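Since the structure comes first, as structure tokens, the remarks are kept for the end.
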Amino acid sequence: MQTEEIKLVNPKDWVKNYGNELYGFAFSKLSKQEVAEDLVQDTFLSALNAMDSFKGKSSERTWLYTILKNKIADYYRKASTRYETAAAHNAVYFVRENELAEIKADRIAMGSQCNQLFQQHSLQLQKGDVLYLFTDGYADQKGGTDRKKFYYPPFKQFLSEISSQSMIEQKKALYYTMLEWMKSETQTDDMTVIGIRI
């Protein structure tokens, strides 16, 4: 028994034949109009680029749906590692492969009465990245031989150096480094450092 190979219709007809149907499917899965429209466009572009690999083992409609489903899955995979943040006075640090990057903070106090909005930042995180959120207490703590503040540049460098260690080891390193730094100085402020490994 011989099966007849299914041929592609002219790609110019894809939007007319399948556009609304694919958009409806994408929107039902995403509930975001712009994203659904973009993924349908991406589906048509990917199909156009892959026309030579279409074997005709399924219908053209099924083929386009398969591409779109993969696009939706990719979108959710990327979204699940997207980190949205805003920062007040203290930056957010993240380390990737021992390189530290900084998300600058807005100079707005939490709970202030001004009408200024915090700037939203978005990061695409990868497995192994480490995020650090902190109060100013660690960097502002006085100590050392000259009884000066620890300061942010050494704090950043220190986090970068210990970022590949386990979170428990990092906690110990932060604790014992500060004890050594303070010596006989009194703690001047709260010290909170939160590390999150992706």
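One entry in [x] 54, 20, 11; [y] 51, 24, 12; [z] 25, 23, 13 is semi-axes √(5λ) of the Cα gyration tensor in Å calculated from the shown coordinates; its label is [x].
For the stretch 67-75, putting each phi into the Karplus relation 6.51 cos²θ - 1.76 cosθ + 1.60 with θ = phi - 60° gives couplings of 4, 5, 4, 5, 5, 5, 4, 4, 4 Hz, in residue order, rounded to whole numbers and with x for Gly and Pro.
For the chain, a crude dipole built from +1 on the beta carbon of Lys and Arg and -1 on the beta carbon of Asp and Glu, taken about the Cα centre, is about 220 debye to the nearest 20.
For the stretch 11-79, what is the charge dipole size about the Cα centre, in debye to the nearest 20, if Lys and Arg each add +1 at the Cβ and Asp and Glu each add -1 at the Cβ?
260 debye
Which trypsin sites (Lys or Arg not before Pro) in the stretch 89-138 pass both tests, a DSSP loop state and at most 13 other beta-carbon atoms within 10 Å?
Loop-located and lightly packed - K104, R107, K127.
How high is the relative contact order of the chain? Use alpha-carbon pairs under 8 Å, at least six apart in sequence, and give a whole percent. Please list the in-between numbers first.
Values: 232 pairs, mean separation 35.2, N = 198.
Worked out over the chain, it gives 18 percent.
Could you tell me which residue out of I196, N17, T81 lies farthest along the dipole of the chain toward its positive end? Charges go on the beta carbon: Lys and Arg +1, Asp and Glu -1, centred on the Cα centre. Ranked along the dipole, the leading option is N17. If one takes the longest principal axis of the Cα atoms in the chain, at what angle in degrees, from 0 to 90 and to the nearest 10, does the Cα axis of helix 33-49 lie? With rounding to tens, the tilt is 60 degrees. Here the relative contact order of the stretch 11-79, from alpha carbon pairs under 8 Å that lie six or more residues apart, stands at 36 percent. The chymotrypsin sites (Phe, Trp or Tyr not before Pro) found in the stretch 43-118 include none that occupy coil by DSSP while having at most 11 further C-beta atoms within 10 Å.
The GNM of the chain, with springs linking C-alpha atoms under 10 angstrom apart, assigns the highest mean-square fluctuation among L100, L30, L133 to L30.
For the pair T192 and L45, label points projected 7 Å from Cα toward Cβ lie 4.2 nm apart.
Hey, which of these cross-link pairs are over 18 Å Cα-Cα: K104/K172; K29/K69; K78/K127?
The answer is K104/K172.
For N20 and R107, the difference between the fully extended length at 0.36 nm per residue and the C-alpha to C-alpha distance is 26.7 nm.
Restriction of the trypsin sites (Lys or Arg not before Pro) in the stretch 135-198 to DSSP coil positions whose beta-carbon has at most 16 other beta-carbons within 10 angstrom yields R147, K183. When DSSP assigns beta bridges and you keep just the ones with both residues in the chain, what percent turn out antiparallel, to the nearest 5? Approximately 95 percent, going by the DSSP bridge assignments.
Taken together, the values in this text are just the output of simple stated rules run on the coordinates, not laboratory data. These numbers come from a predicted model, not from an experiment. We place every Cβ from the backbone using ideal geometry, glycine too, and count neighbours over all the protein chains shown.
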